[in-house]
Amino acid sequence: MQVKYWKVAVTVLVPVILLLMPVPAGLPVKAWQLFAVYLGAIIGLMLRPAPEPVVLIVAVAVSSICFKNTSIVLAGYASTTAWLVFSAFMLGQAFVETGLGRRIAYILIGKLGRTTLGLGYVAAFTDMIISPATPSNTARTGGLVYPIFRSIAVTLDSEPGPTSRRIGGYLTLLLYQISITTASMFLTASATNLLVTTFAKSILKQDVSWTQWAMAIFPPSLLILLLVPYIVYKLYPPEIKTINNKEIAANGLAEIGLTTRREKTLALLFVLSIIGWATGTITKIDATAVAIGFVGACLVTGVVKWESLVNAKGAWNTLIWYGGIISLADGLAKAGFFKWLTDVMAKNLNFTGYDAYIILVGLLVISIPVRYFFASLAPYCSTFIPVLFTLGLVANVPVWPLIFLMGAMSEFGCLLTHYGNAVAPVLFGPGYVDQATWWKVGTIVMVVAAVIYLTAGMAYWKVLGLY
């Protein structure tokens, strides 16, 4: 309780101290007030004196009551971005409830999982296939994919402890690297991707569509995904090299039973939603409309019941905290805070003579060490992405590479620790892998990802005409 009170005190005192200080020259009073509340919310997300939704509800309430700006701090809940995240969570719920996600995994195991390395690629492809419909690593990898591969490890007598190196340690460590990689691939594969695009719109004045994100980030991230199972296999090799994948797949599919009408319907609707997201620039139907339409179709066709969606706590929790953080960030933009910050940096920083590529590398290097201080991705994106975008804007760095590099690498930065993403404790917690190994392998994969994005990624973006 003493720790909790300490966290509450820090979360409250920092914005109070800011509000008691003189408003910086050139900054509107309303922007300074919103910034104080925003900073308090970020500290609350970092220290977690209460769950994220509670922190943001309190921040919205304080700002609304004290500064009479209710319409501003509630605007985020009408944001299409917030509802896209919410709807995508609902899609993930459908994959879990119908069993389609498990069926995909066992089919791939039967086809590709004869060796342990092959099983690693099965985990990668399974996570990738369902990632566009699950903007939560915890729901996708922790709730759906990991239990399948954990059961395989247990079946092969690999438990945490002396037998962990048989296969369980490899699969557990690999799944974290996979989960972070697939989270970068699609706009709807991680809630924080949409947070990045929110700041891209408010600071850099660029709207990023689902298709643009996928076209820019999927190819280099796919290259990383194809390397990750092999890298982990070499760095942390399992003792078991081959498995009876046919028997494992047959037993798994037998447990699930015959393909149901709900699974077939979900598969069709999911394909249609991918087509809808991919053709949005042609049809002019935005990604949120496609996602909400998908949810509606799932309800009408009986793929999921309304009661199941009501009980999807992750979706509702994310809607509350995500809508709140968008409200505060958008309010800051409209109040002129980011314009003021850009002007201040432009007057005090001189990037003359520096190559844009070198500046991009420098911004990426700056963003890495701070990750050790963040226990989740949301507060990092809320705190540092605005700063990185503002610095890039002041330095006149090409906008699209700035967005995509910082967006993708914000995900890969989670690999540095065993607490940088919500799914990390789920996978690290059972004890298959020691902390030193977890940090070492994660750091190596993160460096590989950075090199690929700064070389192949930048070259690919050049071909696309993004700079």
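The values are calculated or read from the model by the stated rules, or taken from the named source; none is laboratory data. The structure presented is a predicted model; accordingly, all values stated were derived computationally and were not measured. Every residue, glycine as well, gets a Cβ built from its backbone with ideal geometry; the counts of neighbours run over all protein chains shown.
Scanning the stretch 299-315 for residues that are touching a residue at least 24 places away in the same chain (Cβ under 8 Å) and either within 14 Å of Phe86 (Cβ to Cβ) or surrounded by fewer than 21 Cβ atoms within 10 Å (Cβ to Cβ) (or both) returns Thr301, Gly302, Ser308, Leu309, Ala312, Gly314, Ala315.
Residue by residue, here is whether (1) closer than 28 Å to Ala25 by Cα; (2) in contact with a Leu (Cβ under 6 Å, 6 or more places away or on another chain); (3) among the charged types (D, E, K, R); (4) modelled with pLDDT under 90 holds:
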| position | (1), (2), (3), (4) |
| --- | --- |
| Phe270 | no, no, no, yes |
| Gly302 | no, no, no, no |
| Leu309 | no, no, no, yes |
| Ala312 | no, no, no, yes |
| Asn317 | no, no, no, yes |
| Ala329 | yes, no, no, yes |
| Met345 | yes, no, no, yes |
| Asn348 | yes, no, no, yes |
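Residues that are more than 21 Å from the chain's Cα centre (by Cα), of a type in the set (Asp, Glu) and modelled with pLDDT under 95 occur at least once in the stretch 241-248. Looking at Gly99, is it buried (at least 21 other Cβ atoms within 10 Å of the Cβ) and not charged (D, E, K, R)? Considered against the rule, which asks whether it is buried (at least 21 other Cβ atoms within 10 Å of the Cβ) and not charged (D, E, K, R), Gly99 comes out as no. Could you check, for the stretch 160-172, whether at least one of its residues is of a type in the set (Val, Ile, Thr), crowded, with 24+ Cβ neighbours inside 10 Å, part of a loop (DSSP other than H, G, I, E, B) and modelled with pLDDT under 90? No, there is no match, as no residue in the stretch 160-172 is of a type in the set (Val, Ile, Thr), crowded, with 24+ Cβ neighbours inside 10 Å, part of a loop (DSSP other than H, G, I, E, B) and modelled with pLDDT under 90. Restricting attention to the stretch 63-74, does a residue exist that is within 30 Å of Thr198 (Cα to Cα), part of a helix (DSSP H, G or I), without any contact (Cβ under 8 Å) to a residue 12 or more places away in the chain and among the β-branched types (Val, Ile, Thr)? Within the stretch 63-74, one or more residues are within 30 Å of Thr198 (Cα to Cα), part of a helix (DSSP H, G or I), without any contact (Cβ under 8 Å) to a residue 12 or more places away in the chain and among the β-branched types (Val, Ile, Thr).
Which members of the stretch 75-117 meet the condition of being among the hydroxyl-bearing types (Ser, Thr, Tyr) and in a helix (DSSP H, G or I)? Passing the criteria: Tyr77, Thr80, Thr81, Ser87, Thr98, Tyr106, Thr116. Criterion first (touching a Pro at 6+ places or on another chain (Cβ under 7 Å), under 26 Å from Ile248 (Cα atoms) and not small (Gly, Ala, Ser)) does Tyr170 satisfy it? Yes. The one condition from (1) part of a helix (DSSP H, G or I); (2) in contact (Cβ under 8 Å) with a residue 60 or more places away in the chain; (3) crowded, with 24+ Cβ neighbours inside 10 Å that Ile130 does not meet is (2).
Residue pairs whose Cβ atoms lie under 7 Å apart, separated by 6 or more positions or on different chains, with the first residue in the stretch 400-415 and more than 30 Å from Thr172 (Cβ to Cβ) and the second hydroxyl-bearing (Ser, Thr, Tyr), are Trp400/Tyr467; Pro401/Tyr467. Scanning the stretch 317-355 for residues that are aromatic (Phe, Trp, Tyr) and without any contact (Cβ under 8 Å) to a residue 40 or more places away in the chain yields no hits at all.
Listed conditions (1) free of Cβ contacts under 8 Å to residues at least 60 places away in the same chain; (2) assigned to a helix (DSSP H, G or I); (3) touching a helix residue (DSSP H, G or I) at 6+ places or on another chain (Cβ under 7 Å); (4) over 29 Å from Gln212 (Cβ atoms) are all met by Tyr419, apart from (2). The set of residues in the stretch 257-271 that are in a helix (DSSP H, G or I) and surrounded by fewer than 15 Cβ atoms within 10 Å (Cβ to Cβ) comprises Arg261, Lys264, Leu268, Val271.
Number of residues in the stretch 412-432 that are at pLDDT 90 or above, surrounded by 24 or more Cβ atoms within 10 Å (Cβ to Cβ) and not small (Gly, Ala, Ser) equals 5. In the stretch 370-385, the residue that is surrounded by the fewest Cβ atoms within 10 Å (Cβ to Cβ) out of those that are of a type in the set (A, V, I, L, M) and under 14 Å from Glu52 (Cα atoms) is Ala375. Only one entry of Gly429, Gly331, Gly407 meets the criterion of being within 26 Å of Val37 (Cα to Cα) and within 22 Å of the chain's Cα centre (by Cα), and that entry is Gly407. Go through the stretch 207-227 and report how many residues are of a type outside the set (S, T, N, Q), in a helix (DSSP H, G or I) and surrounded by fewer than 24 Cβ atoms within 10 Å (Cβ to Cβ). Total meeting the criteria: 10. With respect to the conditions (1) in a helix (DSSP H, G or I); (2) over 18 Å from the mean Cα position of the chain (by Cα); (3) surrounded by fewer than 21 Cβ atoms within 10 Å (Cβ to Cβ); (4) small (Gly, Ala, Ser), Gly143 lacks only one, and its number is (2).
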